[in-house]
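The values are calculated or read from the model by the stated rules, or taken from the named source; none is laboratory data. The model shown is predicted, which means the values in this text are computed figures rather than measured ones. Here the Cβ is made from the backbone with ideal geometry for all residues, glycine too, and neighbour counts use every protein chain on show. Calculation scope for accessible area: heavy atoms of the full protein, side chains included, ligands and nucleic acids excluded. Shrake-Rupley method; radii C 1.70, N 1.55, O 1.52, S 1.80 Å.
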There are 2 protein chains.
Amino acid sequence: MKSKEIRLNQRPHGMPTPEDFNVVEVDVPDPQDGEITVKNVSLTVDPYMRGRMVDRASYVAGFDLSETLTGGAIGKIVESQNSDFPVGEYVESHLGWREAWTGSSRGVRKLGNLEAPPSAYLGVLGMPGMTAYVGLLDVGALKEGETVFVSGAAGAVGSAVGQIAKIKGCKAIGSAGGKEKVRHLVEDLGFDHAFDYRDGHLERQILEGAPQRIDVYFDNVGGSHLQAALNCMNPNGRLPLCGAISQYNATEAVPGPNNLAIAIGSQLTLKGFIVSNYNHLREDFIRDMTSWVNSGQLKYRETVFDGIDEMPNAFIGLFTGANTGKMIINLDD
Amino acid sequence: MKSKEIRLNQRPHGMPTPEDFNVVEVDVPDPQDGEITVKNVSLTVDPYMRGRMVDRASYVAGFDLSETLTGGAIGKIVESQNSDFPVGEYVESHLGWREAWTGSSRGVRKLGNLEAPPSAYLGVLGMPGMTAYVGLLDVGALKEGETVFVSGAAGAVGSAVGQIAKIKGCKAIGSAGGKEKVRHLVEDLGFDHAFDYRDGHLERQILEGAPQRIDVYFDNVGGSHLQAALNCMNPNGRLPLCGAISQYNATEAVPGPNNLAIAIGSQLTLKGFIVSNYNHLREDFIRDMTSWVNSGQLKYRETVFDGIDEMPNAFIGLFTGANTGKMIINLDD
């Protein structure tokens, strides 16, 4: 069997371009004792991967130029020398950015009976969904009746944040790029208010939707969104810091919010978090989220690119606003 | 009886000047039923008062141009029509910036048997001491063996922060303005390392004293100190945001730290706080701090200006680094 895989041709400078990636074809060996061969069916690209493409320390190790990139993947076992991982099972692994692989079952998780299409395990039932869940409920310590503002609200994380807020009896405000995304948030997902950040006047637009001001700002964006949100917080507000996509492609240091001192008088808590350190909440997440998805209380959407060759474009699309909901690369044939 | 009192002549623009204040002399009436007359003996000026001199909302109401300023004061009851507040008692009130006053006992606290000179109740045993205590131990959630960096370390709050850290079995690093303050921190107060922030290279100077990096950064200063500290934090570090004295006299918005996104990957918590919301810890504070002061484990110093006429200069001196330890105005004759 052959597998096409994506490697870095060079480290991106600023906004990534297709020339930063190349596609190689490799042989997939037969499984040895204890090993499995997996054919991936859904791959994910996520904004955090941009940080791994630069040559500096981060909370996850950087990508090596000579190796195939890694990231979340859902695949199906097609050959097995491991009785715990039989042929036909769907598995989640970190061996994305490739069509197929052979290896040990270490770090591989069986999905069991699927509660949703496989790709959902890369989105609403996977890392982005759990990021929304722990970020809002644990880091953000959301209480019923509060008002939540989330940036990047039409993305995989943001769209779950707003809907979880609604499920918890809160008001949800979201920002996104473009009229269609704004419509989607309000009409399809039930946000109380949404606006197009490209229209500017962030602070005024937040307060139009939240005249009672904000208790939790879930930050996926950083930059001017964070500065505007700080000006709109209620006392004792919480700001889970999840991402700063506005800065990931910056080639120079970007000034921070010029109003951070507001945090003193208003007793605000800004708290950065990484979802992988919240595994103690994994069972709660799976139970709640599966139930919300199955009952239709929490909807999700995917933006799908077909075929491994399109994967760099899908990744670049994260930074140009090409996705509504989870960005997925479909390898089904 | 007459009382000289300080009022705002005009709202300061940028660094306050003596011309922003004026001294008026008023009559102090005799106490009516339930009232007391108090002769102040020690007055305090604190950086937070700068925020009350501008004409905008803050967490405490702004000063009115037509009224005498207010702030912490220790005084002695000289006349009384209130049997709960007999003549001769020392009391703490918020009726500072004046020599004497007559009024109700509401908001007035009897000091009882003095455990220290009266002025200490405006410093190490008062609001600044409690700010250090709750900010470091509760907001900062300090654990034994950790490393603490505090800016404005030679001030009333900062000098207590470093010494409490040492008492709790931690390493204490401090920054201050000038060689003598740096010497004082290390030789008199037992800081493990201190440096003069005016020498620049904040990040390098922090790491020289804390090669193992920082677990808690107690921020009195904001600005470049906060940015440098963010670059030196250990994962899961806490940053109690107590003050931003570097910005209090700014006439334009000052850019925030350009590296705030570090908080995501390192899971940092930045938490603003106001000491008045931590009254549930007041008994613990009084018990611990009194014991530490009396045993000599925690030392304090005062910078004393004599006479009410000098009070504006004492206040301005807070922003020029004129004080080591608590800035006090002594009204004893």
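Restricting attention to region A:96-120, the residues that are in contact (Cβ under 8 Å) with a residue 60 or more places away in the chain and either assigned to a helix (DSSP H, G or I) or touching a Pro at 6+ places or on another chain (Cβ under 9 Å) (or both) add up to 5. Scoring B:Gln227 on the criteria (1) closer than 28 Å to A:Ser246 by Cβ; (2) facing chain A (nearest Cβ under 9 Å); (3) not in a helix (DSSP H, G or I) leaves a single failure, condition (3). When residues in region B:288-332 are screened for being farther than 15 Å from B:Arg50 by Cβ and either under 15 Å from the mean Cα position of the chain (by Cα) or of a type in the set (Ser, Thr, Tyr) (or both), 13 of them pass. Among the criteria (1) more than 21 Å from the chain's Cα centre (by Cα); (2) open to solvent by 40 Å² or more (accessible area, probe 1.4 Å), the one A:Thr17 does not fulfil is (1).
Being open to solvent by 20 Å² or more (accessible area, probe 1.4 Å) and modelled with pLDDT under 95 is the requirement here; does B:Asn249 meet it? For B:Asn249, the condition - open to solvent by 20 Å² or more (accessible area, probe 1.4 Å) and modelled with pLDDT under 95 - is met. Residues that are aliphatic (A, V, I, L, M) and facing chain B (nearest Cβ under 7 Å) were ranked within region A:230-259; the one that is farthest from A:Ser159 (Cα to Cα) is A:Ala253. Applying the selection to region A:321-333, what residues are closer than 20 Å to A:Ala176 by Cα and free of Cβ contacts under 8 Å to residues at least 60 places away in the same chain? Residue satisfying the conditions is A:Ala322 alone. Can you confirm whether A:Thr44 is open to solvent by less than 10 Å² (accessible area, probe 1.4 Å) and in contact (Cβ under 8 Å) with a residue 12 or more places away in the chain? Spelling it out, A:Thr44 is indeed open to solvent by less than 10 Å² (accessible area, probe 1.4 Å) and in contact (Cβ under 8 Å) with a residue 12 or more places away in the chain. Within region A:168-180, does at least one residue satisfy the condition of being in contact with a Gly (Cβ under 9 Å, 6 or more places away or on another chain) and in a helix (DSSP H, G or I)? No, because not a single residue in region A:168-180 is in contact with a Gly (Cβ under 9 Å, 6 or more places away or on another chain) and in a helix (DSSP H, G or I). The single condition from (1) within 14 Å of A:Thr147 (Cα to Cα); (2) at the interface with chain B (Cβ under 10 Å from one of its Cβ atoms) that A:Glu208 fails is (2). Checking the stated criteria, A:Asp84 turns out to be free of Cβ contacts under 8 Å to residues at least 40 places away in the same chain, among the acidic types (Asp, Glu) and on the phi < 0 side of the Ramachandran plot.
Within region A:47-63, restricting attention to residues that are open to solvent by 50 Å² or more (accessible area, probe 1.4 Å) and in contact (Cβ under 8 Å) with a residue 40 or more places away in the chain, the residue that is nearest to B:Ile264 (Cα to Cα) is A:Tyr59.
Apart from one condition, B:Val221 fits all of (1) among the hydrophobic types (A, V, I, L, M, F, W, C); (2) touching a residue at least 60 places away in the same chain (Cβ under 8 Å); (3) within 13 Å of chain A (Cβ to nearest Cβ); (4) in a strand (DSSP E or B); the exception is (4). Looking at region A:269-282, can you tell me whether even one residue there is open to solvent by 40 Å² or more (accessible area, probe 1.4 Å) and among the β-branched types (Val, Ile, Thr)? No: region A:269-282 contains no residue that is open to solvent by 40 Å² or more (accessible area, probe 1.4 Å) and among the β-branched types (Val, Ile, Thr).
Got a sec? Which of A:Tyr59, A:Tyr48 is among the hydroxyl-bearing types (Ser, Thr, Tyr), at pLDDT below 95 and within 15 Å of the chain's Cα centre (by Cα)?
Only one candidate qualifies: A:Tyr48.
Within region B:65-107, the set of residues being at pLDDT below 95 and surrounded by 12 or more Cβ atoms within 10 Å (Cβ to Cβ) comprises B:Leu65 only.
Can you tell me which residue within region B:143-162, out of those that are of a type in the set (Val, Ile, Thr) and either open to solvent by 30 Å² or more (accessible area, probe 1.4 Å) or in a helix (DSSP H, G or I) (or both), is nearest to B:Val216 (Cα to Cα)? In this case the residue turns out to be B:Val161. Reported count of residues in region A:263-311, each being more than 8 Å from every other protein chain (Cβ to nearest Cβ) and either more than 24 Å from B:Ile262 (Cα to Cα) or touching a residue at least 12 places away in the same chain (Cβ under 8 Å) (or both), is 33. Quick check: is even one residue across region B:173-193 within 13 Å of another protein chain (Cβ to nearest Cβ), closer than 30 Å to B:Pro12 by Cα, of a type in the set (A, V, I, L, M, F, W, C) and surrounded by 15 or more Cβ atoms within 10 Å (Cβ to Cβ)? The answer is no, given that none of the residues of region B:173-193 is within 13 Å of another protein chain (Cβ to nearest Cβ), closer than 30 Å to B:Pro12 by Cα, of a type in the set (A, V, I, L, M, F, W, C) and surrounded by 15 or more Cβ atoms within 10 Å (Cβ to Cβ).
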